[in-house]
Amino acid sequence: MKRLTGLLTILIITLGVAIYLAQNIIPPENLHPLGEYYLENSYFGEHSAKSPEVVTSILWDYRGVDTLFETAVFFLAIIGSLTIFRLNREQSEEAKQGEPKPQLPEPVVVVTKLTVAMILAVSASIALHGQLTPGGGFQGGSALAVAPLLVIAAYTKYALEKNGLDKTRAIIIRSIGLLGIALTALTPLLVSGYIMQNQPIFPGEALGVPLGGSLVLYNLFEYLAVGAGFTAVFLLLSIPEEKFKKFLGVRR
């Protein structure tokens, strides 16, 4: 009861602070010309990204090359992690042979399944609406990776592998995401001669929904790449310590 009361108190205080700040936000009097340009041309304007979400427009359009290199650095880190924990084919097959975990209580099973389903839906919404609302492919992919991590915690890694999501498939999905980002960036070269050009190469909207041109494609492919990359690392890190020691001993 005390914990519940304390939690409610914290929530009320947080809500009160948020309302106070929202009512007392003072708009900047002297907006920087560059910032003003981005605000005016994110959706409208001659060089528009056709996206009402200014931050996404800046990240993947106005300074897209910089974001592309940042994404490359992140995935090099993922590759480094996979390289450190790499296993040969025999070791990978042996790592998949785990003892089945005792059946969890039914409430835990139901809650875990519902939570995973909600995470998948929310993460997809974060990624696919990144050109409309705050979010994007990286944020959505990070949220997506929580789903397999939750399954690993509740059922062990063998439940994922039994249902077809092993390290190899995760790496394949990650590679598809990276290839999609590269193709989206290079396609404008064939049309206009400019890398990562957005408008008018890619459609600005479909069925009345703003797509942000290439922004929705970048978000989609990064969503897959980030989620699958984290999942591959989680699967390797969840191999029982005894088996890792054995594998390391074999290498030596």
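Pick from segment 41-78 the residues that are over 17 Å from T133 (Cα atoms), part of a helix (DSSP H, G or I) and among the acidic types (D, E): which of them is most open to solvent (accessible area, probe 1.4 Å)?
E70
Are any of the residues in segment 114-121 under 24 Å from L178 (Cβ atoms) and part of a helix (DSSP H, G or I)?
Yes, that holds for at least one residue.
Confirm whether T5 is assigned to a helix (DSSP H, G or I), modelled with pLDDT under 75 and within 23 Å of the chain's Cα centre (by Cα).
no
Which numbered condition in (1) more than 30 Å from E106 (Cα to Cα); (2) out of contact with any Phe, Trp or Tyr (no Cβ under 6 Å at 6 or more places or on another chain); (3) at pLDDT 85 or above is the only one that V146 fails?
For V146, the exception is condition (1).
Tell me, which residue of segment 117-134 that is among the polar types (S, T, N, Q) and closer than 23 Å to A49 by Cα is surrounded by the most Cβ atoms within 10 Å (Cβ to Cβ)?
Only one residue fits best here, namely Q131.
Just to be sure I understand, how many residues within segment 206-241 are outside any loop (DSSP other than H, G, I, E, B), more than 20 Å from V122 (Cβ to Cβ) and open to solvent by 10 Å² or more (accessible area, probe 1.4 Å)?
Count: 6.
The values are calculated or read from the model by the stated rules, or taken from the named source; none is laboratory data. Here the structure is a predicted model, which is why all the values come from computation and not from measurement. Positions of Cβ are backbone-derived with ideal geometry, glycine not excepted, and every protein chain shown enters the neighbour counts. For the accessible areas, the whole protein counts, side chains as well, though only heavy atoms, and no ligand, DNA or RNA atoms are used. Shrake-Rupley method; radii C 1.70, N 1.55, O 1.52, S 1.80 Å.
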